[in-house]
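Peer 1: Can you keep this structure in mind? I'll have questions shortly.
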Amino acid sequence: MDPIPPLSDRYGSERSAPSQPAVDGKTLPPPPDATGAPDVRRAGGYPDSAYGVSVDGATAGVGGRLLEYLRILHKRRRMAITAFVVIFGGITLYTFTATPLYEANAQVLIESELANVVQFEEVLDQERQTDDYYQTQYRILQSRAVARHTIDALELWDHGLLAPRADDQGFSVASVTATVTGWVQRLVTGTGSNASEPADEGESLAQSEVIDTFLGHLRITPIRNSRLVDVVFVSPDPRLSARVANAHAQQYMEQNLEYKLSAAKEAADWLNQRAGEQGKLVETSEQALQAYREKTDSISLEDRQNIVVQRLGELNAALTRARTERIQKETAYKQLEAIQDDPEALDTFPAILGNAFIQQLKGQLADLQRQRAQMAERLGERHPEMVNAQTAIASTEQRIRTEVQKVVQAVRNEYQAAVTQEQTVSAALDEQKSEAMKLNEASIEYGALQRSAESNRGMFQGLLQRTLETDISSQLRTNNVRVVDQATTPRRPSSPRPLVNLVGGLIGGLVFAFGLTFLTESLDSRVKSPEEIKADLGIPFLGIVPIVSAAAPEGPLLSQEKVPHDFAEAIRGVRTNVLFSVVEDGCKSIVITSTGPREGKTVVAASLALAVAQAGQRVLLTDCDMRRPRIHELLDIPQEPGLSNVMVGEVRPDEAVRQMAAANIWALPAGKLPPNPAELLGSARFAQFLAELKQHFDWIILDSPPVLAVTDASVLAHQATGVLFVIGAEMTGRGAAKAALEQLDAVKARHFGAVLNKVDLRRNSYYYSHYYRREYESYYREPRS
């Protein structure tokens, strides 16, 4: 190996120029013989395991999704079981500890129309009620007033259900359940005390609490698409439930009838008072009208007004006709004036165009002009016949002009006549209007007196009629509310129902447990399975590595006698996939990195290096994590001298590289921690140093810092043959892993694949059943003697 030239960075400028480091072959192995290099595909020790590769293959379709759901349930079985026990246990406890409740139902019919006993309107017109009428009735059924009347009728103010004694207020599951159920019922259905009227000011605190409790046990349920309402009362006493339901329906009926009767009585009293007052107004207004007639002799005023109005209408219509006719004549006259000097335009004027005599003269003129044209072909201008023809044409044209002037004069005369007619009718209309105004002035006071008398008379007659109807209505005891079915004493409790509750609790517990499990799984964005690596990250999957218990010895676990068998076989499986992922000849350099710290990349790097060495390959394990190095701790070797010492020229490479006790493996620790490790790894000297090392080894495994923590891994990935990405199972989020891979892609790194590390196969054995089964351990253990 050629000597490595001294670095030109600031480390070389701060120390004296060292002797050129040279590789003397005492520590580093000699370059591999191209003809004697071992064939990795024939080397023993690694192709006998396919650990970490699915044994069942890709399961597609509904069956595959079902198996995936089962794995998720098995993985989160503790959460699912806890959720199921809480729901099912709570419902079971309630079912067998709650006080039995009995529900009695009285059905009430609320009609929108009353019985048609009389043929006049009621004071309360039920026929005009809309949907809000029924909503109002439902609220009245839940009102405190009806509840108070029902309690009074049944004398329930001191009943134990509604007014419990102080010594009965202790804690119990039934009381807590009843309280919570009441809250939920009021919140969802809007029934109970909170949904009804506020407490009256006249109620005492004890009465208010009794009414609140009563309304909490009462439920009003309208039957859809009907006018029926169920009045339901729930209590531990079946007889009390039936009594209260019937009494409440009866009290509602009586209150509804009392309300209508009281309204009719109040209306009748008011109408009688108003009718008396209106009678006096009628008498006064009629006396005033008669006095005005006698004073002004206005007995025939109405007839005169009718004649004047009729004449006014006729003149108005005549003026309209005269004005229309004048406008028409004026339009024709102005049009004719505009074209009277244009013979051609005059020919098209309707009055001229419709004149038969003018049209006859024009026909004669046309014949004469045609004859002259024919004679002009064979006779001269002074020929007697030509002269006669010209004379006849001139005479005819003069006659036409004369007739046209007559038409123009006739149109002018008609226009002037229309103007005169309009002025005459307009003057007559103005005169008639003046007469009408005078008559109106005389009839204003008369009309006011007459209208007042008629209005008072009509109001008085209406009040008399309505007073008689209201008196009859106040004595008519008809009700639009009646009880259809009386409540009967229930024979079995309505709550709790053990079978329904237990089945519901079983289904609800399962649904809640499954929903909570799958919701938690969907919200968990951490990488947990090889499928997520292939589907979400888009890189090959190389294997899973199980977690090692804390009691296991530290170090390259494959070098220990008590290394777990499943861990060893997992590393060998990763080694197999890595060796077959690279087809290039010569030394291969692999950067082993992860998204963040504590994902186990250093243990994977050390174990993979030893596994490749066991396959007969010469391997150099290099600690490139010059920030938090761990290779020297795992291998139990000094940290210095190491990579950083070689980079600054303090030591030769053969002084820093150490051969391990196991065959075919060498190690290069990190060395002294520098302040700028990224610059050292990205320098030209490191690239040259790496190229020199490739001449002595088959594989160079570079343990680098995490990708997202620092840029060292990206710098190394650009120079290496490829990257092996270590992902801690249930530790790394998919978003963070994608960001790390995108950062590596930005430096054009080649991905060999990913290893899912720290997989808990014991706790989640079914979840990873595609990749590991416990019966495999019988093949890992050493045979019994």
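The values are calculated or read from the model by the stated rules, or taken from the named source; none is laboratory data. This is a predicted model, so every value here is computed, not measured. Every residue, glycine among them, receives a Cβ derived from its backbone with ideal geometry; neighbour counts consider all protein chains shown. Just the protein is used for accessible areas: all its heavy atoms, side chains included, with ligands, DNA and RNA removed. Shrake-Rupley method; radii C 1.70, N 1.55, O 1.52, S 1.80 Å.
Peer 1: Among the candidates Leu301, Leu312, single out the residue that is at pLDDT below 75 and surrounded by 15 or more Cβ atoms within 10 Å (Cβ to Cβ).
Peer 2: Working: Leu312 fails: at pLDDT below 75.
Going through Leu301, Leu312 in turn, the sole match is Leu301.
Listed here are the residues, each with its yes/no results for (1) within 27 Å of Val527 (Cα to Cα); (2) under 57 Å from the mean Cα position of the chain (by Cα).
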| site | (1), (2) |
| --- | --- |
| Ser589 | yes, yes |
| Gly596 | yes, yes |
| Glu599 | yes, yes |
| Leu620 | no, no |
| Glu633 | no, yes |
| Val646 | no, no |
| Gly649 | no, no |
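Peer 1: Does any residue in the stretch 267-284 that is polar (S, T, N, Q) come within less than 8 Å, Cβ to Cβ, of a residue that is open to solvent by 30 Å² or more (accessible area, probe 1.4 Å) six or more places away or on a different chain, and which pairs are these?
Peer 2: Short answer, once both residue conditions are applied: Gln278/Met459; Gln278/Phe460.
Peer 1: Quick one: in the stretch 97-146, of everything that is part of a loop (DSSP other than H, G, I, E, B), within 16 Å of Asn225 (Cα to Cα) and open to solvent by 40 Å² or more (accessible area, probe 1.4 Å), which residue is modelled with the lowest pLDDT? Break it down stepwise before answering.
Peer 2: At the first step, the residues of the stretch 97-146 found to be part of a loop (DSSP other than H, G, I, E, B) are 98-100, 111-125, 129-130, 142-143.
Pick out the ones that are also within 16 Å of Asn225 (Cα to Cα) and you get 111-112, 130.
Now restrict to residues that are open to solvent by 40 Å² or more (accessible area, probe 1.4 Å): 111, 130.
On the way: Glu111: 86, Thr130: 58.
Taking the candidates together, the pick is Thr130.
Peer 1: Turning to a different aspect of this structure: Looking only at residues that are of a type in the set (Val, Ile, Thr) and open to solvent by 70 Å² or more (accessible area, probe 1.4 Å) in the stretch 504-535, which one is farthest from Asn757 (Cα to Cα)?
Peer 2: First, the residues of the stretch 504-535 that are of a type in the set (Val, Ile, Thr): 507, 511, 517, 520, 527, 533.
Those still in the list that are open to solvent by 70 Å² or more (accessible area, probe 1.4 Å) too: 507, 511.
Numbers: Ile507: 38, Val511: 33 Å.
Filtering first and then ranking leaves Ile507.
Peer 1: While we're on this one: Quick one: in the stretch 519-540, which of the residues that are touching a Lys or Arg at 6+ places or on another chain (Cβ under 9 Å) and in a helix (DSSP H, G or I) is nearest to Ala106 (Cα to Cα)?
Peer 2: Among them, the one singled out is Thr520.
Peer 1: Take the stretch 221-262 and flag every residue that is more than 19 Å from Ser494 (Cβ to Cβ) and among the acidic types (Asp, Glu).
Peer 2: Glu254, Glu258 - these are the residues of the stretch 221-262 that are more than 19 Å from Ser494 (Cβ to Cβ) and among the acidic types (Asp, Glu).
Peer 1: Mind counting the residues in the stretch 659-698 that are closer than 17 Å to His632 by Cα and of a type in the set (S, T, N, Q)? First the steps, then the outcome.
Peer 2: Filtering the stretch 659-698 down to residues closer than 17 Å to His632 by Cα leaves 659-662, 665-674.
Retained after the next criterion (residues that are of a type in the set (S, T, N, Q)): 659.
Selection size over the stretch 659-698: 1.
Peer 1: Pick from the stretch 635-644 the residues that are closer than 18 Å to Leu693 by Cα and in a loop (DSSP other than H, G, I, E, B): which of them is farthest from the chain's Cα centre (by Cα)?
Peer 2: To start, the set of residues in the stretch 635-644 that are closer than 18 Å to Leu693 by Cα comprises 641-644.
From the residues that got through so far, the ones that are in a loop (DSSP other than H, G, I, E, B) too are 641-642.
Details: Pro641: 64, Gly642: 61 Å.
Filtering first and then ranking leaves Pro641.
Peer 1: Of all the residues that make up the stretch 372-392, how many are surrounded by fewer than 16 Cβ atoms within 10 Å (Cβ to Cβ) and under 30 Å from Val407 (Cα atoms)?
Peer 2: Summing the residues that are surrounded by fewer than 16 Cβ atoms within 10 Å (Cβ to Cβ) and under 30 Å from Val407 (Cα atoms) in the stretch 372-392 gives 3.
Peer 1: Tell me, which helices (runs of 4 or more DSSP H) wholly within the stretch 653-747 include 3 or more residues that are open to solvent by 10 Å² or more (accessible area, probe 1.4 Å)? Before you say what the answer is, go through the steps one by one.
Peer 2: Numbers: elements: 653-656, 677-681, 684-693, 712-719, 734-746.
In the stretch 653-747, 684-693, 712-719, 734-746 are the helices (runs of 4 or more DSSP H) which contain 3 or more residues that are open to solvent by 10 Å² or more (accessible area, probe 1.4 Å).
Peer 1: Next up: Among the listed residues Ala615, Ala609, identify the single one that is at pLDDT 85 or above, of a type in the set (Gly, Ala, Ser), out of contact with any helix residue (DSSP H, G or I) (no Cβ under 8 Å at 6 or more places or on another chain) and open to solvent by less than 10 Å² (accessible area, probe 1.4 Å). Talk me through it step by step, then tell me what you get.
Peer 2: Working: Ala615 fails: out of contact with any helix residue (DSSP H, G or I) (no Cβ under 8 Å at 6 or more places or on another chain).
None of the others qualify; the one that does is Ala609.
Peer 1: Touching a strand residue (DSSP E or B) at 6+ places or on another chain (Cβ under 6 Å) and within 21 Å of Ala749 (Cβ to Cβ): is that true of Phe686 in this structure? Walk me through it before giving the result.
Peer 2: On the way: touching a strand residue (DSSP E or B) at 6+ places or on another chain (Cβ under 6 Å): no; within 21 Å of Ala749 (Cβ to Cβ): yes.
For Phe686, the condition - touching a strand residue (DSSP E or B) at 6+ places or on another chain (Cβ under 6 Å) and within 21 Å of Ala749 (Cβ to Cβ) - is not met.
Peer 1: Hey, Arg575 hits all of (1) surrounded by fewer than 21 Cβ atoms within 10 Å (Cβ to Cβ); (2) under 20 Å from Val548 (Cα atoms) but one; which does it fall short on?
Peer 2: (1)
Peer 1: Give just the number: which of (1) more than 19 Å from Ile110 (Cβ to Cβ); (2) open to solvent by 30 Å² or more (accessible area, probe 1.4 Å); (3) within 60 Å of the chain's Cα centre (by Cα) does Met253 not satisfy?
Peer 2: (1)
Peer 1: So how many residues does the stretch 355-389 have that are assigned to a loop (DSSP other than H, G, I, E, B) and among the acidic types (Asp, Glu)?
Peer 2: Summing the residues that are assigned to a loop (DSSP other than H, G, I, E, B) and among the acidic types (Asp, Glu) in the stretch 355-389 gives 2.
Peer 1: Condition (residue is free of Cβ contacts under 8 Å to residues at least 40 places away in the same chain and under 30 Å from Leu537 (Cβ atoms)) applied to the stretch 657-680: is it met by at least one residue?
Peer 2: Yes, the stretch 657-680 contains at least one residue that is free of Cβ contacts under 8 Å to residues at least 40 places away in the same chain and under 30 Å from Leu537 (Cβ atoms).
Peer 1: Which ones in the stretch 315-343 are open to solvent by less than 40 Å² (accessible area, probe 1.4 Å) and at pLDDT below 70?
Peer 2: Ile339
Peer 1: Okay, moving on. When you check Thr396 against the structure, is it within 30 Å of Tyr333 (Cβ to Cβ) and in contact with a Leu (Cβ under 6 Å, 6 or more places away or on another chain), yes or no? First the steps, then the outcome.
Peer 2: Working: within 30 Å of Tyr333 (Cβ to Cβ): yes; in contact with a Leu (Cβ under 6 Å, 6 or more places away or on another chain): yes.
Answer is yes for this residue.
Peer 1: Of the residues that sit in the stretch 425-448 and are open to solvent by 90 Å² or more (accessible area, probe 1.4 Å) and not acidic (Asp, Glu), which one is modelled with the lowest pLDDT?
Peer 2: Among those residues, the one meeting the criterion is Lys438.
Peer 1: Now, a different point. Yes or no: Asp566 modelled with pLDDT under 85 and either within 18 Å of His751 (Cα to Cα) or among the polar types (S, T, N, Q) (or both)? Even if it seems obvious, please write down each step before you answer.
Peer 2: On the way: modelled with pLDDT under 85: yes; either within 18 Å of His751 (Cα to Cα) or among the polar types (S, T, N, Q) (or both): no.
For Asp566, the condition - modelled with pLDDT under 85 and either within 18 Å of His751 (Cα to Cα) or among the polar types (S, T, N, Q) (or both) - is not met.
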